[in-house]
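Down below is the structure, laid out as structure tokens.
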Amino acid sequence: MSILPQLAFVLILGVAGFFLSKRIQFLRRNILLGKAETRNDQPKNRWKAMLLIALGQQKMFKRLVPAFLHLLIYVGFLVINLEVLEFVLDGILGTHRLFAPFLGGVYTVAINVFEFLAVAVLVSCVAFLVRRNVMRVERFTKLELKGWPAMDANVILVIEIILMFAILTMNATDQILASRGDTRYLALDPLFFSSFFQPLFEGFSRGALVAIERFTWWFHIVGILVFSVYVTYSKHLHIFLAFPNTWYSNLKPKGEMENMPVVTNEVNIMLGIPIESPSNAPVEIGRFGAKDINDLNWINVLNAYSCTECGRCTSECPANLTGKKLSPRKIMMDVRDRAEEVGKSIDVGGLGLADGKSLLGDYITKEEINACTSCNACVEACPINIDPLSIILQMRRYVAMEESGTPAQWNAMFQNMETSFSPWKFSPSDRFNWADQVKEEEMK
Amino acid sequence: MSTYTVPTMAEMAANAQLPEVLFWVGCAGSFDERYKAVTQAFVKILNKVGVSFAVLGPEEACSGDPARRAGNEFLFQMQAGANIQVMNGYKVKKVVTACPHCFNTIKNEYPALGGNYEVVHHSEFLQQLINEGKVRLQGGGEFKGKKITFHDSCYLGRANEVYEAPREVIKALDVELVEMKRCRTKGLCCGAGGAQMFKEPEAGQKDINIERTEEALATGAQAIAVGCPFCLTMMTDGVKNKNKEAEVKVYDLAEMIAKDMGI
């Protein structure tokens, strides 16, 4: 047998590996454009979050129908990848169904399971295409999904469908060849799902069957390699990043806003409180709040790259529900788009962050961030614990403290608080007046 | 017969006394015409039960929540710093408040600034009093058998995962608690959080409190129970907007308990 296919296979594997590693470096660098942030406390709870939420899909099940369909694709992805291991080894070694002799009857069972999952993935992908394009589920028709994001979602679903067809066609032709006594093909016990495809190819010549079998084999494995590179350009990155993303979840109470120690030092000086340990003081005072991605922390940017644009956040956002421009999903997409823009610019020796653009202003408007009620519905809704609120609040800090650009009514509220220690304009000396009446009342 | 008392921390300290719990009234509780009734109701309950409490009175300042959420960290920390100085000065250990925003800020955000207290929301406090038998409900009060829905406040619910305490308090009134379509972790905001209380909403098709009020009215409830001054305002406005104020009342939990106790 010619060694050419093996060489070609190793070459393709190498090229895919090369591109993939380039892309991983690009993504890693982009994520690390965000500020340093250490979030390694409570490792037990972090592993638990990752196991339950990423591996266990816990939060997906807040919506049963998509959760079930997604679970089929997810399990299919995990399990069918076991078969990819055989594909890769067969490709390198020039063997065919390498594992079959070792596993005996178990092998047929395994292939039947893979076929079942392939069909399940296929059905789910079709259902998802219908939800997006025919039923037009509301969260998939929002403004921020127009164009590439909607296309991206459809491309992924179509690729998955074709890959699953390839695997079923391959098994069908493979088994016809085996049944005709071709010794290079191994007769397995009946394969339930692909046997339905066999009648399509029964009349084919041996040559045609071999061609189809080989073509689908190559198509499947090369398709998977291409897909793995495509994923790095796509919202589909969540299949990998959901894991680190949930590990780095915010484990604090959702209502807690992160303290700004830089401000604490200054306020303590103003209030005449001695600063406890000067070593805690940061070396340089950067920008207050966030204007661009490098003002956010790297976990914020990781969040953006992990987002698969499902829109559960946006569909539960009270501002979005009532027609305001704010969409938490768009916030995440904007962070990612800006990180991509800066990363690409740096790679071609461009201006990078100094390109005169910024996340706030060129991507996200004040109108959007001002509409947020900080209700945490988006954070709660996210199946992988992405935190759009953290980003919104950091941008509000920038607007308030660097630009003094908050809405006039908020400025008035600030003024009231400064002068009378209440957001409303009341005299501080009247604060206790509510008790006058009750203190006169007879206790019943 | 004696009158209700509202001791301040300053008065207590002058007598070398330390109350068990500081009742943090909050700005709405101090100044908002409608919400003052809630403060008074809660103080009456505390009196009736004999809880050792005090308030800061004129020494209290805004917790700083709206300033922080609107982005003004300096102003927030000025308020928080001053409050912490006062509270630490009085050696405050435990705080109870009827405002989820103050509750969240003092509980979760003051520790980083040197203010460490046990902080409970009044719904949790009331639940405990009921469980301990200290608040004895008559059960035949004006709410008996009525349909009541509870609106989850974001800063109580999602922010701090207090979902059951307010519901337990309502159930103790022998009422029929009905849930809105969006409740607990999925509860819809009233529209006032994140400093929205202090400005007009951005342009949209609808105000958030109207959306939420429609949901509350759809349950057929005769009263909407809340545990937050901002929610109380927003829901009351929503009910008015729908011309339902004669049929559907909006109450704070403490008011309902006080009413049932006949105080």
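Can you run phi through the Karplus equation (6.51, -1.76, 1.60; θ = phi - 60°) for the range A:401-406 and list ³J(HN,Hα) in whole Hz, with x for Gly and Pro?
9, 9, 10, 6, x, 6
So who's got an amide H within less than 5 Å of the one on B:Val119, skipping anything under 5 residues away but keeping other chains? H placed 1.01 Å off N, in plane.
Residues meeting the amide H criterion: B:Val95.
For B:Lys186, which lysines qualify as cross-link partners when the Cα separation must be under 16 Å and same-chain residues fewer than eight apart are set aside?
Partners within reach: A:Lys59, A:Lys62, A:Lys254.
Could you run the Karplus curve 6.51 cos²θ - 1.76 cosθ + 1.60 with θ = phi - 60° over the range A:376-389 and give me ³J(HN,Hα) per residue in whole Hz, x for Gly and Pro?
Calculated HN-Hα couplings, in order: 6, 5, 5, 5, 5, 6, 5, x, 10, 6, 6, 10, x, 4 Hz.
Please say if the range B:73-228 is rounded, prolate or oblate, where rounded means a/c under 1.5 for a ≥ b ≥ c the square roots of the C-alpha gyration tensor eigenvalues, and otherwise the choice is prolate for a/b larger than b/c and oblate otherwise?
Numbers: a/c = 2.86, a/b = 1.24, b/c = 2.30.
It comes out oblate by the Cα gyration axes.
Measuring from a point 7 Å past the Cα of B:Glu179 along Cα-to-C-beta, which residues in the range A:362-388 have an amide N at less than 20 Å?
From the range A:362-388, the list is A:376-383.
Let me check I have the definition right: for the range A:342-398, take the eigenvalues of the Cα gyration tensor, multiply each by 5, take square roots. What are those semi-axes in whole Å, largest first?
Details: eigenvalues 152, 47, 11 Å².
Sorted largest first and rounded, they come to 28, 15, 7 Å.
So what is the calculated 222 nm ellipticity per residue for chain A, using -39500 (n - 2.57) for each DSSP H run with n of 4 or more, over all residues, to the nearest 500 deg cm²/dmol? List each step's numbers first, then the result.
Details: 19 runs with 263 residues, N = 444.
Taking each H run of at least 4 residues, the total per residue is -19000 deg cm²/dmol.
With a cap of 15 neighbouring Cβ atoms within 10 Å, and only residues DSSP puts in a loop, list the GluC sites (Glu not before Pro) found in the range B:158-263.
On the way: sites: B:Glu161, B:Glu164, B:Glu168, B:Glu176, B:Glu179, B:Glu202, B:Glu211, B:Glu214, B:Glu215, B:Glu245, B:Glu247, B:Glu255; in loops: B:Glu161, B:Glu179, B:Glu202, B:Glu245, B:Glu247.
Those satisfying the criteria are B:Glu161, B:Glu179, B:Glu245, B:Glu247.
Any idea what the alpha-carbon Rg over 2.2 N^0.38 Å comes to for the range A:1-75?
Working: Rg = 19.8 Å, N = 75, 2.2 N^0.38 = 11.3 Å.
This ratio for the range A:1-75 stands at 1.75.
Enumerate the amide H contacts of B:Val250 below 5 Å, restricted to partners 5 or more residues apart or on another chain; note that Pro and chain-start residues carry no placed amide H.
Amide H neighbours of B:Val250: B:Ile224.
Separation between the B:Glu11 and A:Leu143 pseudo-spin-labels, each 7 Å from Cα along Cα→Cβ, expressed in nm?
5.6 nm
For the range A:124-140, just list the computed ³J(HN,Hα) in residue order, Karplus coefficients 6.51, -1.76 and 1.60, θ = phi - 60°, integers in Hz, with x standing in for Gly and Pro.
5, 5, 5, 4, 5, 4, 5, 4, 6, 9, 9, 6, 6, 3, 3, 5, 9
If you line up the Cα atoms of the range A:287-406 on their principal axes, what length do they span on each, largest first, in Å?
The principal-axis extents, from largest down, are 42, 33, 22 Å.
Please identify the cysteines of chain B that lack any partner cysteine with a Cβ under 4.7 Å from their own Cβ.
Isolated Cys, chain B: B:Cys27, B:Cys62, B:Cys183.
Consider just the alpha-carbon atoms of chain A and return their Rg together with their Dmax, both in angstrom.
Over chain A's Cα set, Rg and Dmax evaluate to 28.4, 104 Å.
So if R0 is 60 Å, what FRET efficiency would B:Lys244 and A:Glu37 give, r being the distance between their Cβ atoms, rounded to the nearest 0.05?
Values: r = 48 Å, r/R0 = 0.80.
After rounding, the FRET efficiency stands at 0.80.
Averaged over its residues, how many other protein chain Cβ atoms are within 10 Å of peptide A:315-326's Cβ atoms? Before the final figure, lay out each step's value.
Values: counts 0, 6, 3, 15, 8, 1, 9, 13, 8, 7, 3, 2.
If you average over the peptide's residues, the count of other-chain Cβ atoms is 6.
Around A:Glu83, under 14 Å between beta carbons, what's the net of Lys plus Arg minus Asp minus Glu among the other residues?
So the surrounding residues net to -3.
For n ≥ 4 DSSP H runs only, could you compute -39500 (n - 2.57) per run for chain B, divide by its residues and tell me the 222 nm figure to the nearest 500? Write down the numbers at each step before the final one.
On the way: 11 runs with 106 residues, N = 263.
Helix contribution divided over all residues of chain B: -11500 deg cm²/dmol.
How far, in nm, would the chain grow between A:Lys252 and A:Val222 when pulled straight, counting 0.36 nm per residue and subtracting the alpha carbon separation?
Full extension of this stretch gives 6.4 nm more.
Could you tell me the largest-minus-smallest coordinate of the C-alpha atoms of the range B:154-263 on each of the three principal axes, in descending order and whole angstroms?
43, 33, 26
Per-residue Cβ counts within 10 Å, from other chains only, averaged over A:375-385: what number is that?
Working: counts 17, 9, 8, 0, 2, 8, 3, 0, 0, 0, 0.
The shielding value for this peptide is 4.
Amide H to amide H, which residues 5 or more places from A:Lys35 or on other chains are under 5 Å from it, using H placed in the peptide plane?
Here A:Leu296, A:Asn297, A:Trp298 satisfy the definition.
Return the unpartnered cysteines for chain A, using a Cβ-Cβ cut-off of under 4.7 Å.
Lacking a cysteine Cβ partner under 4.7 Å: A:Cys125, A:Cys307, A:Cys310, A:Cys317, A:Cys372, A:Cys382.
If each residue of separation counts as 0.36 nm, what is the full-extension length gain between B:Ile210 and B:Val49 once their alpha-carbon separation is subtracted? Walk me through the intermediate numbers first.
Details: separation 161, 0.36 × 161 = 57.96 nm, distance 3.75 nm.
Extending this stretch completely gives an extra 54.2 nm.
Given +1 on the Cβ of Lys and Arg, -1 on the Cβ of Asp and Glu, and no further charges, what dipole in debye does the protein assembly as shown carry about its Cα centre, rounded to the nearest 20? Provide the component values of the computation, followed by the final result.
Working: 74 positive and 75 negative charges, 211 e Å.
The calculated dipole for the protein assembly as shown is roughly 1020 debye.
Where a number appears in this text, it was derived from the coordinates with a stated rule and is not lab data. Source: prediction; values computed, not measured. Using ideal geometry, Cβ is built from the backbone for each residue, glycine included, and neighbour counts are taken over all protein chains shown.
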